[in-house]
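Just so it is clear, none of the values below were taken in a lab; they were calculated from the coordinates. These numbers come from a predicted model, not from an experiment. Positions of Cβ are backbone-derived with ideal geometry, glycine not excepted, and every protein chain shown enters the neighbour counts.
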Amino acid sequence: MTIEVDTSALFAALDRLGDVAEKHVKAAAKVTAERIEQESERRIARRTGETAKHVRVEETYDGLGYIVLANNPQVREHVAVYLEFGTATMQARPFFFASALLEEGAHLRRTEQAVQDAIAEVGLG
């Protein structure tokens, strides 16, 4: 007995899955980055507000995701690092990594949903 199965539709869907999943996961990553940005701005210790003004989301150089930065590109100061980790003369006032940790579970859920949405979009779900 011989059974022939046409797998061309399956392979075509699998070929598309990577690009479709990338689009969905990138959108989920942007939500996460924006939420980290917002929480960091709320948590940051303020004297002048300058550091909080420079917390921002940027697309990564390779275009695959997003990064949250907390520095003033115009100035070479490391105020955000000093606030996050402290110095020999200043106690740490963490704001950045705490904000990222708060988003960890939500980001995992968003990413899982993004992959499921991509699977459904290509017709495999």
Please report, in debye to the nearest 20, how large the charge dipole of segment 17-125 is about its Cα centre when each Lys and Arg carries +1 at its beta carbon and each Asp and Glu carries -1 there. 560
In deg cm²/dmol, rounded to the nearest 500, the helical mean residue ellipticity at 222 nm of the chain, built from -39500 (n - 2.57) for every DSSP H run of length 4 or more, is -20000 deg cm²/dmol
What number does segment 18-59 give for Rg over Rh if you use C-alpha atoms and the Kirkwood radius? 1.18
³J(HN,Hα), Karplus 6.51/-1.76/1.60, whole Hz, each residue of segment 14-31, x for Gly, Pro: 5, 5, 7, 4, x, 5, 5, 5, 4, 4, 5, 5, 4, 5, 5, 5, 5, 4
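Taking 8 Å as the Cα distance limit and 6 or more residues as the minimum spacing, I'd like the relative contact order of segment 33-112 as a percentage.
Reported as a whole number, the value is 29 percent.
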Can you give me the long-range amide H partners of residue 66? Hydrogens built in the peptide plane at 1.01 Å from N, cutoff under 5 Å, separation of 5 or more residues or another chain. 60
Report ³J(HN,Hα) in whole Hz for each residue of segment 111-117, in order, from the Karplus equation J = 6.51 cos²θ - 1.76 cosθ + 1.60 where θ = phi - 60°; Gly and Pro get x. 5, 4, 5, 4, 5, 4, 4
Karplus 3J(HN,Hα) series, Hz, for segment 119-125 with 6.51 cos²θ - 1.76 cosθ + 1.60 (x for Gly, Pro): 4, 5, 4, 8, x, 9, x
Computed log₁₀ I(q)/I(0) - Debye formula, equal Cα scatterers, no solvent, the chain, q 0.14, 0.16, 0.17, 0.23 Å⁻¹: -0.71, -0.83, -0.89, -1.25
When the charge dipole of the chain is computed with +1 at the Cβ of Lys and Arg and -1 at the Cβ of Asp and Glu, the Cα pointing farthest to the positive end, of 122, 13, 83, is that of 83
